[in-house]
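What follows is a short report on a single structure.
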């Protein structure tokens, strides 16, 4: 990875016409997409000269929109699939290769523009990628935990291998902390226990990740998979069905955008929503003398204080009366101005979002998820829940190939299939 990254970034690696690579396109889905996408967005200040694009969705629009921006002479495609059988990834990769060959004309040119991240050398070779351009990794590495492996090649190309190593060093730092720190000072364990406390004893069903840093805008989306695919299980490791709640629904958006969207429900809704507020003390972009960042941090601090303290009826009434509002109006609006408070939050502050601190933070949440899985006695490293839909989709695909009506499913599915076929 190091040698290849350095060759591409330096321009030593040339395309089939002798031009330097300018664009890297990662084709993958799930863990082969979400992690590298989140990290490259989070570490934009460390970008090399290369542009990076991500294609995951089987919807052809995703690939088509990326291809519009590319020159086949300077594009490098990374096909990221552990098994090299993932339908969405291989379909997108095949279409990308066809697009490339329409321009290059020569199949030999593929060797300079396609590499694979996989454990299946036979499938990679059959696809037409030179085995020398395959970056392997252990077959026990789960997709949602794989950005540290060869799956992180797009990260290495985007921020440089030295910075990729710093990302790994940050993760290693947190690994050591998790395995050596006493429980009462162990960050992943504390986060895990707080989550179990609110989830299992206070009935919280969701957990919000709220980064006050625009570069971290994909952080919550990444840990939606990391958490929900790991701990969204109702069967214990021994095969028994649980009689308690397990993994929460994870969601979130960056601040302050979320404040103008869903914080209303967090503050005054009927559901308890534990929140992690994440912020850097320093910004990479101190524009206007740093005023933007000061306002951002003021909001970060204000929200956690407001969720903790709330506002009593007496406090709200005093404010309204001080504003000169008539007694009748005060009485009418007062119930809406009360905040109950006592809403749980964690404040996670780093000095700056760097490869090291990001690596440590990702690993911290990984270990939190693992710890909760142990407490709930579930296997956080399988994902059988994604299989059933795949199986049914394979059965439905051939039924969409002709116009004849379908009656082999339930009434709802039959109706939907037949409606779609009538409107192709």
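The values are calculated or read from the model by the stated rules, or taken from the named source; none is laboratory data. Please read these numbers as outputs of a predicted model, since none were measured by experiment. Cβ sites come from the backbone with ideal geometry, for glycine too, and all protein chains shown count toward neighbours.
Just a few scattered comments:
- Of all residues making up the stretch 5-51, the number that are more than 22 Å from residue 92 (Cβ to Cβ) and not in a loop (DSSP other than H, G, I, E, B): 11
- Only residues that are over 18 Å from residue 70 (Cα atoms) and touching a helix residue (DSSP H, G or I) at 6+ places or on another chain (Cβ under 9 Å) were counted in the stretch 95-110, giving 1.
- Per-region count, the stretch 188-223, residues closer than 24 Å to residue 177 by Cβ and either outside the structural domain of residue 276 (by TED's automatic domain parsing) or assigned to a helix (DSSP H, G or I) (or both): 18
- Selection status of residue 370, touching a helix residue (DSSP H, G or I) at 6+ places or on another chain (Cβ under 7 Å) and surrounded by 13 or more Cβ atoms within 10 Å (Cβ to Cβ): no
- Scanning the stretch 335-388 for residues that are under 20 Å from the mean Cα position of the chain (by Cα), more than 24 Å from residue 187 (Cβ to Cβ) and assigned to a loop (DSSP other than H, G, I, E, B) turns up 382, 383.
- Selected residue (criterion: surrounded by the fewest Cβ atoms within 10 Å (Cβ to Cβ)) from residues of the stretch 130-150 that are within 14 Å of the chain's Cα centre (by Cα) and assigned to a helix (DSSP H, G or I): 145
- Output for the stretch 15-43, where each listed residue is surrounded by fewer than 16 Cβ atoms within 10 Å (Cβ to Cβ) and touching a helix residue (DSSP H, G or I) at 6+ places or on another chain (Cβ under 7 Å): 17, 19
- Residue 62 over 24 Å from residue 169 (Cα atoms), surrounded by 22 or more Cβ atoms within 10 Å (Cβ to Cβ) and touching a strand residue (DSSP E or B) at 6+ places or on another chain (Cβ under 9 Å): no
- Of all residues making up the stretch 173-201, the number that are within 30 Å of residue 48 (Cβ to Cβ) and surrounded by fewer than 16 Cβ atoms within 10 Å (Cβ to Cβ): 1
- Against the test of being surrounded by 23 or more Cβ atoms within 10 Å (Cβ to Cβ), touching a residue at least 60 places away in the same chain (Cβ under 8 Å) and in contact with a strand residue (DSSP E or B) (Cβ under 7 Å, 6 or more places away or on another chain), the options 124, 115 yield a single qualifying residue, 115.
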